[in-house]
Amino acid sequence: MSNGRVYIKRLIVRSLFLVVVASAIGLIVNAVRTPNVDLFGYKPPKKKIVEAAKPGQEATVSEIDLATVLTLQKAQGVVFIDARKKVEFDTGHIRGAINIPSESFEEAFPPHRRSLLKAAKIVTYCSDVECDEAYELAEMLREALKRPILVFGGGMKEYRGKGPVEE
């Protein structure tokens with residue numbers, strides 16, 4: 001009887017050893033593998049990249065002020081779009097802005113479509129409060145991208161001297 005007990009004890013110890021080793025190997029493989037298996041119910045929050053309109057809700061065009069523009073410049077993933085003609089854009093624009101003139105939207109928009117779909121927010125602007133090009137461009141972008149667009153109505157006239165300008 002004692003030999004039987006010793007045998008069973010060894011069998012249990014060896015089995016537990018195998019389970020521990022196999023579990024350790026499994027955890028190591030899971031930690032290295034991408035994507036790994038969620039073991040403890042923790043899922044890291046996904047960053048919201050695109051602010052698309054929700055189903056049944058129409059994408060909007062909203063106006064923002066200079067303070068909001070200056071705040072958005074510090075955020076990642078915000079794209080500023082100058083709606084003025086290239087000649088005006090070349091005289092000075094918001095740092096990092098791209099140029100999509102509203103009058104040549106059909107030609108200027110397609111090369112930027114993919115990056116605009118990934119943008120966190122999109123802001124259009126033009127020369128000043130008298131300029132309607134930023135609003136026209138915002139409407140075209142809203143239709144093409146099906147997402148909210150922001151408009152800085154004050155344009156370059158209000159912005160100059162308050163934020164970084166590229167020429």
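The values are calculated or read from the model by the stated rules, or taken from the named source; none is laboratory data. Predicted model only: the values in this text are computed from it and were never measured. Heads up, the Cβs are rebuilt from the backbone with ideal geometry, glycines too, and the neighbour counts pull from every protein chain shown.
Specify which of the listed residues (107, 158) is of a type in the set (D, E, K, R) and surrounded by fewer than 17 Cβ atoms within 10 Å (Cβ to Cβ).
Numbers: 158 fails: surrounded by fewer than 17 Cβ atoms within 10 Å (Cβ to Cβ).
Selected residue: 107, the only one of 107, 158 that is of a type in the set (D, E, K, R) and surrounded by fewer than 17 Cβ atoms within 10 Å (Cβ to Cβ).
Quick one: which helices (runs of 4 or more DSSP H) lie wholly within segment 60-126 and hold at least 2 residues that are more than 19 Å from residue 167 (Cα to Cα) and in the same structural domain as residue 153 (by TED's automatic domain parsing)? Even if it seems obvious, please write down each step before you answer.
Numbers: elements: 66-73, 86-90, 105-108, 113-118.
Answer list for segment 60-126: 66-73, 105-108, 113-118.
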